[in-house]
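Input: a single structure, listed below in structure tokens.
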Amino acid sequence: MSASLASTFHAQGVRAPHVASTSARTHVLRVALAGCGTVGGALAERLLAGPLPGERRVEVVKVLVRDIEKARRVAFRPGVVTDSLAAFLSAHVDVVIETIGGIEPARTLVAAALVQGRRVITANKALIAAEGAALAQLAARFGGQLDFEGAVGGCMPVVRALRSGAAGVGVTTIRGVLNGTSNFVLDRVSSGATTGDAIREAQVNGFAEADPSRDLDGIDAADKIAILAWLTFGVAPHMLPVARRGLADALAFATIAGPLGGRAVQLAESDETPHGLVARVEPAVIGLGHDLARATAEWNALTVESGSAGTMLFAGRGAGGDPTAGALYGDLGATSTPLPAPRAVQVASRDERVLHWLLWARVDLAAARALVPTVPNAVATAVDGDACVLAFTATPEQATAIRADVAARGVEVALARDLR
């Protein structure tokens with residue numbers, strides 16, 4: 001794919017021979033910034049506020065926007081802001097930072113900059129999940145660099161850790177709370193807010209987009225776990241299928257998880273099993289003493305389990321413009337390290353692990369016990385006047401079938417992983 005991308009940009013005439021910037025030999029770092037919205041605006045304020053660590057001054061040379069007349073939180077020098085991609089890509093800079101989001105036009109812009117041999121920094125998890133391996137090949141071929149700390153976990157520094165060697169200690173499982181929007185909503189619902197009010201509060205605080213469906217449907221977390229699996233296990237992110245369920249079942253558990261000794265989260269996980277690599281995003285109930293329980297409100301947390309280093313824990317703010325801008329800023333001041341070349345990795349055709357589950361059903365205890373014969377090894381517990389929880393073990397496929405069977409009886413039901 002990288003060869004075809006390169007040919008495309010040669011044909012469009014956007015590639016010029018890359019000449020080492022004179023600024024690279026001075027204390028000035030020349031930056032082109034694509035996008036100046038919530039994240040881009042917060043980053044621009046940091047860039048204009050003072051030098052990077054080490055006293056290297058940053059000069060924002062070009063800023064690419066959709067609407068050049070729109071009022072912005074940052075005032076740039078005349079001629080810096082442009083709506084022309086050609087003008088943006090022709091600017092003489094050391095680093096291109098992409099904060100547009102989505103696949104296009106971000107893909108076109110990032111690929112063109114890499115073909116020019118530039119260093120590119122992005123927080124675009126959708127782009128990296130879909131095209132990360134191809135973009136990494138472009139960077140290697142044309143002498144560019146690609147950094148994306150902000151694509152996973154906001155200011156939680158897990159990408160750099162995995163790129164710089166944590167993946168070489170025999171990692172077997174990565175598991176985390178990777179979407180700050182969903183976590184914020186669940187946190188508020190567990191405290192008594194309605195789902196609608198919790199979403200609106202997340203939007204007001206800058207933790208959720210106007211359309212939060214990518215977060216609530218688990219798409220955002222699925223992109224992130226695929227990226228982390230690439231860095232950890234070597235599978236190209238677009239080659240890893242991620243089983244995904246949205247937030248609805250987690251919301252059903254949010255208000256009852258406390259009496260069960262836990263709290264509801266949107267869990268993202270990739271695990272190396274005897275049958276191959278598996279990845280999932282799904283509702284879960286975690287114990288209050290679990291490592292991931294420190295991820296409250298918009299925070300993210302991740303555990304990396306390895307044979308030789310035990311369990312490593314990462315945590316940080318995972319939603320909002322400032323944490324993501326902070327991750328971009330951190331990449332700018334850090335040394336870029338090579339990305340792993342994708343390698344052949346066995347991916348399981350199905351997840352055959354036997355896991356612990358909780359099935360919430362709006363029936364009384366007597367009716368719940370009548371369901372027990374259809375749920376192997378289940379233990380029923382009343383959680384309020386008209387609802388019960390069944391705890392049982394099964395494969396994901398079996399658990400999903402059990403949920404469907406109970407729902408087909410006209411019973412309101414929800415399914416979550418049990419990590420108490």
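Quick note: the coordinates plus some simple rules give every number you see, no bench work behind them. Note that the structure is a prediction, hence the values are computed from the model and not measured. Don't worry about glycine lacking a Cβ; one is built from the backbone with ideal geometry, like all the others, and counts go over all protein chains shown.
Remark: the stretch 257-267, residue by residue, has Karplus-estimated 3J(HN,Hα) of 5, x, x, 8, x, x, 9, 7, 9, 9, 8 Hz, where x stands for each Gly or Pro and the curve is 6.51 cos²θ - 1.76 cosθ + 1.60 at θ = phi - 60°. One compactness figure for the stretch 158-318 is 1.01, namely its Cα radius of gyration divided by 2.2 N^0.38 Å. Computed from phi, the 3J(HN,Hα) profile of the stretch 388-394 under the Karplus parametrisation 6.51, -1.76, 1.60 (θ = phi - 60°) reads 9, 10, 9, 9, 7, 10, 5 Hz, with x in place of Gly and Pro. Projecting label points 7 angstrom from Cα along Cα→Cβ for D386 and A210 puts them 3.8 nm apart. Rounded to the nearest 20 debye, the dipole magnitude of the chain is 1120 debye, with +1 charges on Lys and Arg beta carbons, -1 on Asp and Glu beta carbons, and the Cα centre as origin.
Dipole orientation for the chain: of the candidates L138, G289, G40, L138 has the Cα lying most toward the positive pole (charges on Cβ; Lys, Arg +1; Asp, Glu -1).
Once the C-beta distance of A87 and E55 is scaled by a Förster radius of 30 Å, the resulting FRET efficiency is 0.50 to the nearest 0.05. List the residues of the stretch 118-155 whose backbone N lies under 18 Å from a point placed 7 Å from the Cα of M239 along the Cα-to-Cβ direction. Only 128-141 fall inside the zone, counting backbone N under 18 Å.
For K70, the aspartates and glutamates whose Cα falls under 13 Å of its own Cα, not counting residues fewer than eight places away in the same chain, are D83.
Once the Cα-Cα distance is subtracted from the 0.36 nm per residue extended length, the H356 to T400 segment shows a gain of 14.6 nm. Using the Cβ atoms and a cut-off under 14 Å, what net charge is assigned to the surroundings of R403, where Lys and Arg are +1 and Asp and Glu are -1? Net of charged neighbours comes to -2. Relative to one another, the C-alpha centroids of the stretch 232-295 and the stretch 391-420 are positioned 15 Å apart.
Using the Cβ of G262 as centre and a radius below 10 Å, the other residues enclosed give a net charge of +1, where K and R count +1 and D and E count -1.
Considering only DSSP beta bridges where both residues belong to the chain, give the percentage that are antiparallel (nearest 5). About 65 percent, rounded to the nearest 5.
Around the amide H of L260, modelled in the peptide plane, lies no amide H under 5 Å away from a residue 5 or more places distant or on another chain.
Sorting M312, M239 from the fewest to the most surrounding beta carbons within 10 angstrom yields M239, M312.
What does the helix-only formula give at 222 nm for the chain: each DSSP H stretch with n ≥ 4 adding -39500 (n - 2.57), the total divided by the residues, and the result rounded to the nearest 500 deg cm²/dmol?
Numbers: 14 runs with 142 residues, N = 420.
One gets -10000 deg cm²/dmol as the mean residue ellipticity at 222 nm.
Restricting the stretch 268-346 to trypsin sites (Lys or Arg not before Pro) that sit in a DSSP loop and have at most 11 other Cβ atoms within 10 Å of their own Cβ leaves R343.
Net charge near E45, counting Lys/Arg +1 and Asp/Glu -1 over other residues with Cβ under 12 Å of its Cβ? It would help to have the intermediate numbers written out before the result.
On the way: positive: R46, R72, R73; negative: D322.
Summing Lys/Arg as +1 and Asp/Glu as -1 gives +2.
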